[in-house]
Every structure is written in structure tokens, then in C-alpha cells.
Amino acid sequence: MDGINNPDGANDASVEAYLDVEWAGAVAPGATIDLVIAADTELESGLVLAAEHAVYGNVAPILSLSFGSCESSLGAENQFLSGLWEQAAAQGITVLVSAGDSGSAGCDDDNTQYYAVYGQAVNGFASTPYNVGVGERISITATTQT
């Protein structure tokens, strides 16, 4: 997601994440909010690395992910995320994943298309039995109520 040569991340993803942290703090002013962020590597996306760190590091009891991808384009990554969210559930972590800005037109680009052309589809990150799909995007934040 982020890199030394692109501190705002691909498609300004970091800006979205920072705004999400601000909103999380606004709705839960007493909570401890950790933004978990990682850079892409040659082998793995920063998003996956951040999610792994949040789960395997048991960072907080709530994990919120605001990014998405068309389920049909994820391939094996969808199975991997299902396993990761299953591990989170086993550890007592509630995983919230955005349903996506496009709603049921998850494979369409709501920034460039005015109507759905790829049929009904969902955010693949939110399509497992081990996460809760929620409305609008929020980013990877780990929240602990104090």
C-alpha cells in the first residue's frame, strides 16, 4: 500500500486510511486506535501484510478493513483471506470489512462508470463466513475500548 517513493500509497490509499482513523476516533473517543499499515513487497501486498500483522500479532479485538477487490478477480487470495479471518475469529477478533462503494456492483469502478456493467458482485475481502460486511469503506484499524 505504501512505499518510500510513494508515501500516500497507491491511489492515495494512506489518505483514506488516515481519514478512517479520524472517523473511528470521532465515534469512539475513548478507544485506542492503531492504524496498521505496511508497504508492498515483491511477494505480497501491504494490505495482506498489515492484515496478517493485526491478526497474528493479536493487536486488538476489532479489525476494520476498508479496502476491497472484485471477488472474481481475487482467485486464491480469497481463500487465503477466508483462512486469515477464520484465524481472527478463533482468536476472538471481530473482522469488519467494507461492502464497498459500489455495493452489489463490486466489480465495477464507481469512479468511472455510471451504471453496472459486470453484473452483481461483492467485495471479495468481505465475502467469507468469518467477517462482517459493513456499509462504507473504513481502513485497517485495530480498536480497543479503554
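Read the figures in this text as sums done on the coordinates, not as results from a lab. These numbers come from a predicted model, not from an experiment. Here the Cβ is made from the backbone with ideal geometry for all residues, glycine too, and neighbour counts use every protein chain on show.
Points to keep in mind about this one:
- Packing-based order for 106-116, 64-74, using average beta carbon neighbours within 10 Å, highest first: 64-74, 106-116
- Extension gain, Gln113 to Glu22, is 29.9 nm, computed as 0.36 nm per intervening residue step minus the present C-alpha separation.
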